1. Which members of the range 40-57 meet the condition of being part of a loop (DSSP other than H, G, I, E, B), exposed (fewer than 14 other Cβ atoms within 10 Å of the Cβ) and among the hydrophobic types (A, V, I, L, M, F, W, C)?
2. Taking interchain pairs and intrachain pairs at least six residues apart, which have beta carbon atoms under 8 angstrom, with the first residue in the range 37-50 and under 11 Å from Val63 (Cα atoms) and the second part of a helix (DSSP H, G or I) and aromatic (Phe, Trp, Tyr)?
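Derivation of every value follows stated rules applied to the coordinates shown; laboratory data play no part. All figures in this text were calculated on a predicted structure; none of them were measured in a lab. Methodologically, a virtual Cβ is constructed for each residue, glycine included, from the backbone with ideal geometry; neighbour enumeration extends over all protein chains shown.
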Amino acid sequence: MSSPDRNDTPVLITEAAPSYEEQHAARRKKYAIMMSLRFPCLILAALFAHTWWLALFFIVLSVPLPWMAVLIANDRPPRKTEKASRYEVERRAIAQKSTTVIDG
């Protein structure tokens, strides 16, 4: 019995990194998207062959796409910096006492 106000989505209670399988799936998706952009760039270059500078632009755009796709696909997210939990003692200065100096 759930009320209409209740949201059934789970709450994330951890700061753990996504699993290796999730990271790999995301990287595969990015790779596929970038590689699928190369073919339309080459088609557009052929369509704009009469405008040489536009055709050249699409060809130049399509050349680094495989290289960038491989770099992005092989890149993992950066590791989190772990801060060591250390006990720190509060340091207090010694209070200055007023002393009387007698010369004599």
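1. Within the range 40-57, just Ala49 meets the criteria.
2. Qualifying pairs under 8 Å: Cys41/Phe58; Leu42/Phe58.
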